[in-house]
Amino acid sequence: MRDLVDFCLSGEFEKAESLHYTYYELFEALRLETNPMAVKEALAMLGMPGGGLRPPLTRLSEPNREVLARLLKERRLI
């Protein structure tokens, strides 16, 4: 995200756009199910603290966990 903002602030909009579309599917996946379930799952996959979920929220469904893991792996984040 920092690179994306830096490109925009320096007027390098084509680079910013390219970077945005590189991560677009991942950005969309972070909205799977109810927020913040996918974001917290992604943080856990990255080995970062994200905290637990409070009821009524539950862990991300297995099919969506697989999608999220695939996208993170494709972008070499995990």
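The values are calculated or read from the model by the stated rules, or taken from the named source; none is laboratory data. This one's a predicted model, so the numbers in the text were calculated from it and none came from an experiment. Please note: Cβ atoms are built from the backbone with ideal geometry, for glycine as well, and neighbour counts cover all protein chains shown. SASA here: full protein model, heavy atoms, side chains in, ligands and nucleic acids out. Shrake-Rupley method; radii C 1.70, N 1.55, O 1.52, S 1.80 Å.
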Open item on the list: At 1.4 Å probe size, with the rest of the protein present, what percent of the exposed accessible area of the chain is carbon and sulfur atoms?
Closed with: 56 percent
Open item on the list: Could you check the spin-label model distance between ARG70 and SER10? Points 7 Å from the Cα along Cα→Cβ, value in nm.
Closed with: 3.5 nm
- [ ] Give me the distance in nm between label points sitting 7 Å out from Cα along the Cα-to-Cβ direction at MET1 and SER18, one decimal.
- [x] 2.3 nm
Task: Stokes-Einstein D in µm²/s, Kirkwood radius over Cα pairs - the chain at 10 °C with 1.306 mPa s viscosity - done: 117 µm²/s
